[in-house]
1. Residue check, A86 against (1) farther than 30 Å from T103 by Cα; (2) in contact with a Pro (Cβ under 7 Å, 6 or more places away or on another chain), all met but one. Which one?
2. Would you mind stating whether S102 is hydroxyl-bearing (S, T, Y) and touching a residue at least 40 places away in the same chain (Cβ under 8 Å)?
3. If we scan the range 194-207, do we find a residue that is hydroxyl-bearing (S, T, Y), more than 24 Å from S102 (Cα to Cα) and at pLDDT below 90?
4. Here is a check on your reading of the model: is L60 in a helix (DSSP H, G or I), buried (at least 18 other Cβ atoms within 10 Å of the Cβ) and either in contact (Cβ under 8 Å) with a residue 12 or more places away in the chain or assigned by TED's automatic domain parsing to the domain that holds W134 (or both)?
5. Can you tell me which residue is surrounded by the most Cβ atoms within 10 Å (Cβ to Cβ) among those in the range 236-252 that are part of a loop (DSSP other than H, G, I, E, B) and not small (G, A, S)?
6. Can you pull out every residue in the range 19-30 that is farther than 19 Å from N222 by Cβ and either surrounded by 24 or more Cβ atoms within 10 Å (Cβ to Cβ) or among the small types (G, A, S) (or both)?
7. Checking V192 against (1) in a helix (DSSP H, G or I); (2) in contact with a strand residue (DSSP E or B) (Cβ under 8 Å, 6 or more places away or on another chain), only one condition comes out false. Which one?
Amino acid sequence: MSGLGALLMIVGTVFSLLAAWGIIDFPTPISRLHAATKSASLGLSMIALGAGVASGSWDLFGVGAMITVFLFVTAPISGHMIGRAAYLAGQQGDLVHDDFFSTTSAPVELGRPRRTGVRVSHWIILVVVWMLLWRDISVGTAIGGALVAVVVETAQRRFPAESRVDLLGFARFLFHYAVMVVASTLRVAWEVITPNNETIREAIVGVELQTRSIDTALLVANAVSFTPGTLTIELTSEPLTIYAHILHFTNPEDVRESIARLEELATRAFPPA
């Protein structure tokens, strides 16, 4: 197991170094986010998981898994916000296609939460996270985590559920998402080691979604940032539309087909309640 852990950490280190070089080498602020979001996330995740595997400790492996989840949840959001800020600041560079320039739609607003309460599924997740952070699986730690989880869940307000979870559909979505993460990381890595960035043709393509669920739209918008060569910079309402920055633009139809496939998988994973 130590050999596998070492291999994971070595590969993760290589991806992290390539991500760092991409941040330096890519021509525009938004293009650099592709390296920071994709390769850096997978690289750091592999280092964290590899450390857990090499140690032979389930506690440390659990912490690595938790770090991985946090990275893949937060990286698309930070990429979205920084990319949007860079565009609005006029740092988008020379785009060969730009649908975002002419949009008049407002960004999605989540509105006001409508009710409070304790969600059992979230309560269980919070307890597990608490135990992983303490690296102690015991009754005392579980009770302490349960109390913290109840306080957190009672204090936060939430939206009524718009959808339910289809386990088979969710598994398909996760598999497709994992394949995208690896493919996009390898694409960025290849771009970094290829001199002169000859294949980079930046564009922003708007894709109108068919769903009317904000939850599904947010899931698709975040997942798009791990599709090879794409990064969400805005999600607008009425209708729900994703504006994606493309690193290797060929034509808008390819982008729309890719995002439509993601939307289909996300809708199957979380069908309307």
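The values are calculated or read from the model by the stated rules, or taken from the named source; none is laboratory data. Bear in mind that the values here come from a model prediction, so they are computed numbers and not experimental data. Positions of Cβ are generated from backbone atoms using ideal geometry, with glycine treated the same way; all protein chains shown enter the neighbour counts.
1. In the conditions (1) farther than 30 Å from T103 by Cα; (2) in contact with a Pro (Cβ under 7 Å, 6 or more places away or on another chain), A86 misses (1) alone.
2. So S102 fails the test.
3. Yes, because at least one residue in the range 194-207 is hydroxyl-bearing (S, T, Y), more than 24 Å from S102 (Cα to Cα) and at pLDDT below 90.
4. yes
5. L247
6. A20, G22
7. Only one criterion is unmet by V192, namely (2).
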